[in-house]
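For reference, the structure discussed in these notes is given below.
The values are calculated or read from the model by the stated rules, or taken from the named source; none is laboratory data. Everything numeric here is computed off the predicted structure, so don't read it as measured data. Here the Cβ is made from the backbone with ideal geometry for all residues, glycine too, and neighbour counts use every protein chain on show. All accessible areas refer to the heavy atoms of the entire protein, side chains included, with ligands and DNA or RNA removed. Shrake-Rupley method; radii C 1.70, N 1.55, O 1.52, S 1.80 Å.
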Amino acid sequence: MQNISYILSLMGRSWLTGLKPAKNVDADVADRIEKLFTQLDGQKAVAVAAFEIAVREGARQKNLPKPNGNPSPKARRIAITQFQRDTAVKAWVLRQAGEICECCEQPAPFNGADGLPYLELHYVRQLAEGGADTVSNAVALCPNCHREIHHGANAQALTAWLYDNVARLLRD
């Protein structure tokens with residue numbers, strides 16, 4: 001079950017409560033688990049788990065030789081599911097945040113190309129997991145907190161902190 005939590009974390013999804021992700025999942029096993037999730041969801045998704053595991057395994061090697069890379073990587077087209085979101089929800093949440101990340105409580109780290117402070121919308125219960133596109137399920141996060149809440153070891157603790165500290169959030 002910890003293998004499943006690890007694959008979910010690599011996919012940027014919430015892992016299973018109480019089952020901290022394992023760190024020793026084989027790339028082939030990861031690929032099979034990820035394919036099962038996409039079948040269960042009934043959605044197509046870009047496979048990431050096996051790739052990320054291979055990257056992490058390579059990064060742990062002490063004498064990793066410089067790779068040649070691929071000057072002409074192959075492209076492939078896939079169909080993915082994208083949720084239609086309400087622009088008013090995102091605008092309202094960003095406005096309520098007042099240019100401050102609702103997780104780390106620091107100012108937006110930079111301004112976007114439009115000159116506005118850059119924060120990202122995060123659905124505490126992800127849309128892919130049945131979460132609602134409502135202000136009671138959304139927060140404004142800086143890019144670092146957003147990546148951490150999807151991929152970090154402390155993701156569940158951060159989510160719990162958000163529920164405890166952002167008054168508009170409702171657990172469903």
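Annotations
- Ratio Rg/Rh [Cα only; Rh per Kirkwood] for the range 1-76: 1.04
- Restricting the range 47-139 to chymotrypsin sites (Phe, Trp or Tyr not before Pro) that sit in a DSSP loop and have at most 10 other Cβ atoms within 10 Å of their own Cβ leaves PHE83, PHE110.
- Net charge of neighbours whose Cβ lies under 11 Å from the Cβ of HIS122, counting Lys and Arg as +1 and Asp and Glu as -1: 0
- Using a probe radius of 1.4 angstrom, the carbon and sulfur fraction of the accessible surface of the chain is 52%.
- The residues of the chain have, on average, 67 Å² of accessible surface per residue, using a 1.4 Å probe with all protein chains present.
- The range 40-91 - Rg (one decimal) and Dmax (whole number), Cα, Å: 17.8, 51
- Per-residue ellipticity at 222 nm computed for the chain from its helices equals -12000 deg cm²/dmol, with DSSP H segments shorter than 4 residues left out and the rest contributing -39,500 (n - 2.57).
- Principal axis analysis of the Cα atoms in the range 78-172 yields extents of 32, 31, 26 Å, listed in decreasing size.
- Each label point was placed 7 Å from the Cα along the Cα-to-Cβ direction; for LEU36 and LEU16 their separation is 0.9 nm.
- Relative contact order of the chain, defined on C-alpha pairs under 8 angstrom at six or more residues apart (%): 18 percent
- Its Cα centre serving as origin, the range 1-160 has a Cβ charge dipole (Lys and Arg +1, Asp and Glu -1) of approximately 600 debye.
- Between VAL48 and GLN96, the modelled labels are 2.6 nm apart [label points 7 Å from Cα along Cα→Cβ].
- Measuring only protein heavy atoms, the 1.4 Å probe finds HIS151 accessible over about 80 Å².
- The Cα center of the range 114-171 and the Cα center of the range 25-83 differ in position by 24 Å.
- Near GLU120, the amide H atoms lying under 5 Å from its own belong to LEU141, CYS142; only residues 5 or more places off or on other chains count, and H is placed 1.01 Å from N.
- DSSP-loop trypsin sites (Lys or Arg not before Pro) across the range 54-120, with at most 15 other Cβ within 10 angstrom: LYS62, LYS74, ARG76, ARG77, ARG85
- Look at the dipole of the range 110-172 built from charges on Cβ: of ASN137, HIS122, LEU170, the Cα furthest out on the positive end belongs to LEU170.
- Amide N proximity, the range 90-107 versus ALA167 label position 7 Å along Cα-to-Cβ, cut-off under 14 Å: 96-97
- Ordering SER72, SER136 by accessible surface, largest first, gives SER72, SER136; the 1.4 Å probe counts only protein heavy atoms, with every chain in place.
- Geometric extent, Cα atoms of the chain - Rg, Dmax (angstrom): 18.0, 51
- Computed magnitude of the charge dipole of the range 93-156 (debye, nearest 20; Cβ of K, R +1, Cβ of D, E -1): 60 debye
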